[in-house]
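The values are calculated or read from the model by the stated rules, or taken from the named source; none is laboratory data. Values in this document were obtained by computation on a predicted structure and should not be read as measured data. In this analysis, Cβ positions are derived from the backbone assuming ideal geometry, glycine residues included, and neighbour counts consider all displayed protein chains. For accessibility, only protein heavy atoms count, side chains too; no ligands or nucleic acids. Shrake-Rupley method; radii C 1.70, N 1.55, O 1.52, S 1.80 Å.
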Amino acid sequence: MAIRPAAVAGTWYPGSAGALARDVDAHLAAAASTPSGDVRAIIAPHAGLMFSGPVGAHAYRAASGSAFDVAVLVGPSHFMAFDGAAVWPDGAFECPLGPVLIDAHTARALLAFPVVRALPAAHVREHALEMQLPFLTRVLPSLPIVPVLIGRQERDTIQSLASAIASVCAGRRALIVASTDLSHYFDAGTAATLDGRVQEYVAQFDPEALLELFEQYPEGERGRYVACGGGAAIAVMLAARTLGATAGRVLHYGHSGQVSGDYDGVVGYLAAAFGNFADAH
């Protein structure tokens, strides 16, 4: 079994099971009440746990009310550039709370689509998906995952990946997770304005508008002005809609300055859910 070693345990989050469980559980306990209904997909951030954990907890608390048989994790590649999407195809991801198994059957199904390939090297240093595992293992223990990284976040790749995910998840209880932070290193007021646009399109469940916003910036600037995992969020929204989700909910917004005290250069964080909610309007 191919084990992907944890890359940021002990730095971005506690490396011991006890300390990690305490921190994650504290964030979950502080999260607000969740929307009433059927959650199909979430957006959660991927910064260090002390910074983005208070926000991400809201997304995972929302997902904790449903039953799933697989989680498809989709995030950006921070360290390796490539075309299409990269899957870690089998084995497990190491986590202080216990290894998180890969759903190899679903991974193989994704690999049947030209946009997806097996590329473990892209995952070795990447934190975007690893930062989801502490929450995932606490709220949905033993749930297998399919780890997917998007390389160059281009329109064709985003749309093709969304179609592939929707196809392999059809008829299943799949939780689709988009891992992304929002704007990077603006002052808190500017960040709130920039990030408000993303929240608007999430709340409207309008992935096409979010894609248009993403494409207003050169590829190298999209992560700073919109979201580093914008392509992941758009693909997940598209896939969730194909799978029957009808509404989006912004659950919580925050930024790094609320923890660090530095409001001059912050990173924005969003927790959101997509599904069919009792209070849909």
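Please sort by residue number the chymotrypsin sites (Phe, Trp or Tyr not before Pro) in segment 249-278 whose DSSP state is loop and whose Cβ has at most 14 other Cβ atoms within 10 Å.
TYR263
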Fraction of alpha-carbon pairs over 14 Å apart in segment 241-281 - percent: 57 percent
Rounded to whole angstrom, the alpha-carbon centroid of segment 145-172 lies from that of segment 1-47 at a distance of 22 Å
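Could you check how much of the accessible area of segment 1-141 is carbon and sulfur, as a whole percent, using a 1.4 Å probe? Kindly include the intermediate steps, with their values, before the conclusion.
On the way: 3130 of 5390 Å².
Carbon plus sulfur share of accessible area: 58 percent.
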Identify which of SER179, SER160, SER260 has the largest mean-square fluctuation in a Gaussian network model of the chain, with springs joining Cα atoms closer than 10 Å. SER260
Sorting HIS123, HIS252 on solvent-accessible surface, 1.4 Å probe, most exposed first, gives HIS252, HIS123
Could you compute the net charge surrounding ALA273? Neighbours are other residues with a C-beta less than 11 Å from the C-beta of ALA273; K and R count +1, D and E count -1. +2
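Quick one: net charge of PRO96's neighbours, Cβ under 13 Å, K/R +1, D/E -1? Mind showing how you got there, number by number?
Values: positive: ARG22, ARG138; negative: ASP23, GLU94, GLU130.
Residues near PRO96 contribute -1 overall.
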Counting other Cβ atoms within 10 Å of each Cβ, which trypsin sites (Lys or Arg not before Pro) in segment 78-147 have at most 12 and sit in a DSSP loop? none
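If R0 is 35 Å, what FRET efficiency do you get for ALA21 and ASP264 from their C-beta distance, rounded to 0.05? Don't skip to the end; give the middle numbers.
Numbers: r = 34 Å, r/R0 = 0.97.
It comes to 0.55.
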Tell me the label-point distance for the pair ASP90, THR11, using the 7 Å Cα-to-Cβ offset, in nm and rounded to one decimal. 3.0 nm
Sequence-distant or interchain residues sharing an amide H contact under 5 Å with ASP262, placed H: which? none
Among PRO35, PRO144, PRO218, whose mean-square fluctuation peaks in a Gaussian network model of the chain (Cα, cutoff 10 Å)? PRO218
Descending principal axes extents, segment 116-203, alpha-carbon based, whole Å: 40, 34, 30
Rounded if a/c is under 1.5, else prolate if a/b beats b/c, else oblate: with a ≥ b ≥ c from the C-alpha gyration tensor eigenvalues square-rooted, which is segment 139-186? oblate
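Any chance you could list the semi-axes, whole Å, largest first, of the equivalent ellipsoid that the Cα gyration tensor gives for segment 1-138, using √(5λ)?
They are 25, 18, 14 Å, listed largest first.
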How large is log10 of I(q)/I(0) for the chain at q = 0.17 Å⁻¹ when the intensity is taken from the Debye formula with one equal scatterer per alpha-carbon? -1.46
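Any idea of the accessible area per residue across segment 133-187, 1.4 Å probe, to the nearest Å²?
Details: 1790 Å² over 55 residues.
Per residue, segment 133-187 has 33 Å² of solvent-accessible surface.
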Debye sum, Cα scatterers, segment 125-281, no solvent: what log₁₀ I/I(0) at q = 0.10 1/Å? -0.36
Any idea how far the Cα center of segment 83-127 sits from the one of segment 222-281, in Å? 23 Å
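Please give the net charge around MET80, taking every other residue with its beta carbon less than 13 angstrom from that of MET80, where Lys and Arg add +1 and Asp and Glu add -1.
Values: positive: ARG117, ARG125, ARG152; negative: ASP83, GLU126.
Charge balance near MET80 sits at +1.
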Once label points are set 7 Å from the Cα along Cα→Cβ at both ARG224 and SER142, what is their separation, rounded to one decimal in nm? 4.8 nm
Using a 1.4 Å probe on the protein heavy atoms only, what accessible surface does MET50 show? Give it in Å² to the nearest 10. 120 Å²
